[in-house]
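J.: Provided herewith is a single structure, encoded as structure tokens, for subsequent inquiry.
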Amino acid sequence: MATIETSYYELLGVGRDADGAAIKIAYRKAAMDCHPDRNGGCTDAAERFKALNEAHDVLKDPQKRAAYDRFGKAAFQNGGGASQSDMSGFSDIFENIFGVFMGGRQQQGRRTVHRGQDLRYDLELTLAEAFTGKDAKIEVSVSAACEPCSGSGATPGTSAKTCTSCGGRGQVRAQQGFFVVERTCPTCHGAGQTIADPCRACRGIGRVERDKSLDVHIPRGVDDGTRIRLAGEGEAGLRGGPAGDLYLFVHLKPHAIFKRDATTLFAEVPLSFTTAALGGSLEVPCIDGEEATIKVPAGTQPGKQFRVRGRGMPSLQGGGMGDLVVQVEVETPVKLSKRQRELLEQFQESEEQHAAFPKSTGFFARLKGLLD
């Protein structure tokens, strides 16, 4: 009969490289064979069934299985088999297998450093300011390093002392069975130091609230949603910890004429129906304050687009200028003088439908074909 001292792997009939699925299948098969209800209450079957459950409980858990592979059953017996040095070694093995063990690998041998929080500032710009770039002065309220104590939190002339509870590590360890649990030191709260005489200005925190004025440069070509990082301009860290960053988020105000898509600008410009019919030129405004001249061919239709190269927005990465796309909207006059009306009536009488309005001719020809 297989006893409880038998290897868990041998008990389940699997190799040491068996995965979780194979262990589960082997356990179910073996447990069904020796279940007490199927063996008339046999004592040997009951003992084997108990041992199978114990083996399955350990091998199905990656953490328990790692401990068992390292120390055997002694890993689960308080006071038996595994020494304090063994437990320390197991903690190191645990870290290698599962990464950071309770935060210990990142903080081992040094105190916890409390970095300051990052801050956000929303900056609103016009499209013209985004085109040219801008030097702006902003005011932010931050937690800054205390000047009297230089951010240490201790009264000037004194200094913080190494925490006696954690030895300056900011973490303390406690053994719970075969586990070594690491947690933040309750005495220094992870700082690794204690202050006997706190600074009166900051009450030992090492930072105070104050308003800060910053000169920032907004590069030309920024778009709505652009994020600009100002390193170290966020909140100061606790007791000398590094400061966080300040992030500027750019928001562009809507423009009365232009709409933007990346570096391309779009504008709708009215065009008189006589210029559309006869052809001519059209002066259009640009975002730089100057004008561009567009040649309008005779017979220009409503919605026609003209592209003006290099008169859009600059690229933020310095890749040149985008284009300006002008869409003309042919405008029909609403008030006519007597002479203008007479001229239009003469034109109406003399026009040849198929030559003057090819779209209308084609449309009505297709319509007639459908009706026929």
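J.: For the stretch 46-66, does any single residue satisfy the condition of being in contact with a Lys or Arg (Cβ under 9 Å, 6 or more places away or on another chain) and either modelled with pLDDT under 85 or among the aromatic types (F, W, Y) (or both)?
T.: Checking the stretch 46-66: not a single residue is in contact with a Lys or Arg (Cβ under 9 Å, 6 or more places away or on another chain) and either modelled with pLDDT under 85 or among the aromatic types (F, W, Y) (or both).
J.: Identify all residues within the stretch 202-241 that are under 22 Å from the mean Cα position of the chain (by Cα) and either surrounded by fewer than 13 Cβ atoms within 10 Å (Cβ to Cβ) or basic (K, R) (or both); write none if there are none.
T.: Within the stretch 202-241, G225, R227, R229, A231, G232 qualify.
J.: Specify the residue that is nearest to V334 (Cα to Cα); the eligible residues are those in the stretch 253-284 that are assigned to a strand (DSSP E or B) and within 39 Å of the chain's Cα centre (by Cα).
T.: Filtering first and then ranking leaves E268.
J.: Taking the stretch 315-343 only, how many residues are closer than 17 Å to A267 by Cα and either assigned to a loop (DSSP other than H, G, I, E, B) or open to solvent by less than 30 Å² (accessible area, probe 1.4 Å) (or both)?
T.: Adding up the residues that qualify gives 6.
J.: Go through (1) modelled with pLDDT of 90 or more; (2) surrounded by fewer than 16 Cβ atoms within 10 Å (Cβ to Cβ) and name the single condition G289 misses.
T.: Unmet for G289, out of (1) modelled with pLDDT of 90 or more; (2) surrounded by fewer than 16 Cβ atoms within 10 Å (Cβ to Cβ): (1).
J.: If you don't mind, another one. Among the residues of the stretch 285-304, count how many are in contact (Cβ under 8 Å) with a residue 12 or more places away in the chain and assigned to a strand (DSSP E or B).
T.: Qualifying residue count for the region: 6.
J.: Which residues, taken from the stretch 184-200, are in contact with a strand residue (DSSP E or B) (Cβ under 9 Å, 6 or more places away or on another chain) and assigned to a loop (DSSP other than H, G, I, E, B)?
T.: Correct list: C185, P186, T187, C188, G190, G192, I195, A196, D197, C199.
J.: Further question: Take G177 and tell me if it is modelled with pLDDT under 80 and surrounded by 13 or more Cβ atoms within 10 Å (Cβ to Cβ).
T.: In short, yes.
J.: Oh, and also: Out of D261, D211, which single residue is acidic (D, E) and either in contact (Cβ under 8 Å) with a residue 24 or more places away in the chain or in contact with a helix residue (DSSP H, G or I) (Cβ under 6 Å, 6 or more places away or on another chain) (or both)?
T.: The match here is D211.
J.: Pairs under 8 Å by beta carbon, first residue on the phi < 0 side of the Ramachandran plot and surrounded by fewer than 15 Cβ atoms within 10 Å (Cβ to Cβ) in the stretch 10-32, partner at pLDDT below 85 and of a type in the set (D, E), six or more apart or different chains?
T.: Between residues of the stretch 10-32 that are on the phi < 0 side of the Ramachandran plot and surrounded by fewer than 15 Cβ atoms within 10 Å (Cβ to Cβ) and residues that are at pLDDT below 85 and of a type in the set (D, E), the close pairs are R16/D69.
J.: Residue by residue through the stretch 216-232, note down the ones that are modelled with pLDDT of 90 or more, farther than 14 Å from R260 by Cβ and part of a loop (DSSP other than H, G, I, E, B).
T.: Scanning the stretch 216-232 gives P219, A231.
J.: If you don't mind, another one. Being touching a residue at least 12 places away in the same chain (Cβ under 8 Å) and open to solvent by 60 Å² or more (accessible area, probe 1.4 Å): is that true of A196 here? Before the answer, list the steps.
T.: Details: touching a residue at least 12 places away in the same chain (Cβ under 8 Å): yes; open to solvent by 60 Å² or more (accessible area, probe 1.4 Å): yes.
Here the answer is yes, as A196 does meet what is asked.
J.: Restricted to the stretch 48-62, and to residues that are part of a helix (DSSP H, G or I) and among the basic types (K, R), which residue is surrounded by the fewest Cβ atoms within 10 Å (Cβ to Cβ)?
T.: Top of the filtered list is K50.
The values are calculated or read from the model by the stated rules, or taken from the named source; none is laboratory data. This structure is a prediction, so every number in the text was calculated from the model and none was measured. Every residue, glycine among them, receives a Cβ derived from its backbone with ideal geometry; neighbour counts consider all protein chains shown. In case anyone asks, the SASA skips ligands and DNA or RNA and just uses the protein heavy atoms, side chains included. Shrake-Rupley method; radii C 1.70, N 1.55, O 1.52, S 1.80 Å.
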